[in-house]
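Nothing in this text is a laboratory measurement; each read-out follows from the coordinates by a stated rule. Please read all numbers here as calculations on a predicted model, not as lab measurements. Please note: Cβ atoms are built from the backbone with ideal geometry, for glycine as well, and neighbour counts cover all protein chains shown.
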Amino acid sequence: MFSSKFPSVTTSIFSVMSKMASEHNAINLSQGFPNFKSDPVLLDLVTKAMKDGHNQYAPMPGDLKLREQISAKIEALHTKKYNPDTEIICTAGATQAIFTAIAATIQKNDEVILFTPAYDCYAPSITLFGGKVIPVQLHAPFYKPDWHQVKEAISSKTKMIIINSPHNPSGMLFTEKDMLQLQEISEKNNLLVLSDEVYEHIIFDGEIHQSAARFDVLAARTFITASFGKTFHNTGWKMGYCVAPEKLMTEFRKVHQYVVFCVNHPIQKALATYLQDSSHYLELGAFYQQKRDYFITLLQGSRFTVVPSKGTYFQLLDYSKITQQNDVAFAEKLTKQHGIATIPTSVFNANNEDFKQLRVCFAKTEITLQNAAEILRTI
């Protein structure tokens, strides 16, 4: 018989809360997906690609025209040129890109620093390949990284630092100063960096996304992962990409070809055309900021405390004025007794530290947000 590689891993909190929401007919603000329709223009482009016969395997690294559009987008936004032939690969969502980058680089006993609360796919991937997770806890209410703490966490075994900005679940942004600190630390200690930038276009209040691509020394040692599914409201398409300097991407490609080989061909063809109109992603910040502001306004008069999200389509709700109940138990109570599903944030923290905060997704229709806020105001 074999022994489990993940003896302590259970079903993800997203699956648990979504199942509970379904069982209790609750409004589901837990899992991070929009409940409004995709752009008909993009859907028509996918249909056209299918009818035009692009239904067999795509090139292993991705459709060339799509890789060229990704390169052009990054260069226009961050003045960094990635070679479409050697430094860009299209992936089955950002999660596959993250897994592949870790698989290609992390070996037994390598240490990987990540900031908690952290998206839940990082740690299992590190553990699977024999690495050790070194968490650096971010603290409520602002979740700003403590770079002195990062420096103290580095050892002779440290191989990589993982960052996520805009940050899920807190909505925090890494500033230019943060990125310069990361650049200095990673260069001094010869560390790889994995920069999860799936919410790159969902940023509010005039802030600028400080992509790792904007910093030359940092970019030279960084895998950047991104998600078309998150950007264009099609999470079920599982379409993303990874960019990195050729030396890193060569190793990434070795793993990628045996994990999925290639990803959905007609969707790549459609995106290659859709990206030619930059308004499709440049206007997303304003689109989601309107939803954030609307939802926060609807919550006025509730007992929840809100620090407005700076990016992503998530908002944290501090419930410490309501109860001191554990956030997992409180989230379960809200679902079963009040008919609204949220995500407890302690599950993403080192040692399950509980800041009495729930994560909600506001990528919803106005009527959904209205109904959800009406419930939350009664609690």
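Ignoring the sites themselves, the chain has its longest run without trypsin sites (Lys or Arg not before Pro) in a DSSP loop having at most 12 other Cβ atoms within 10 Å at 158-320.
Placing R0 at 35 angstrom, the Cβ-Cβ distance between T297 and L128 gives a FRET efficiency of 0.20 after rounding to 0.05. Multiplying each eigenvalue of the alpha-carbon gyration tensor of region 40-280 by 5 and taking the square root yields semi-axes of 30, 20, 16 Å, largest first, rounded to whole angstroms.
The H on the amide N of D110, modeled in the peptide plane, is under 5 Å from the matching H of K132, each at least 5 residues off or on a different chain.
Give, rounded to the nearest 20 debye, the magnitude of the charge dipole that region 40-280 has about its Cα centre when Lys and Arg contribute +1 at Cβ and Asp and Glu contribute -1 at Cβ. The partial results should precede the final answer.
Values: 23 positive and 25 negative charges, 111 e Å.
Charge dipole of region 40-280: 540 debye, to the nearest 20.
Karplus-derived 3J(HN,Hα) values for region 132-143, using 6.51 cos²θ - 1.76 cosθ + 1.60 with θ = phi - 60°, are 10, 7, 10, x, 10, 7, 8, 10, 5, x, 9, 6 Hz; glycine and proline are entered as x. Give the Debye-formula value of log10 I(q)/I(0) at each listed q (0.13, 0.17, 0.18, 0.20 Å⁻¹), with one equal scatterer per alpha carbon of region 245-379, two decimals each. The computed values of log10 I(q)/I(0) come out as -0.75, -0.94, -0.98, -1.09. Largest mean-square fluctuation among D63, D216, D110, in a Gaussian network model of the chain whose springs join Cα atoms under 10 Å apart, belongs to D216. The Rg/Rh ratio for region 1-156, using Cα coordinates for both the radius of gyration and the Kirkwood hydrodynamic radius, is 1.02.
3J(HN,Hα) along region 72-78, derived from phi through the Karplus expression 6.51 cos²θ - 1.76 cosθ + 1.60 where θ = phi - 60°, amounts to 5, 4, 5, 5, 5, 8, 10 Hz, with x in place of Gly and Pro. Region 163-209 and region 338-379 have Cα centres separated by 24 Å. In plain terms, the residue of S195, S279 with the fewest other Cβ atoms within 10 Å comes first and the most crowded comes last, giving S279, S195.
Taking amide H positions as placed in the peptide plane 1.01 Å from N, state which residues far from I202 in sequence (5 or more) or on other chains have amide H under 5 Å from it. Long-range HN contacts for I202: T312.
The calculated 222 nm mean residue ellipticity attributable to helices in the chain amounts to -11500 deg cm²/dmol, summing -39500 (n - 2.57) over DSSP H runs of n ≥ 4 and dividing by all residues.
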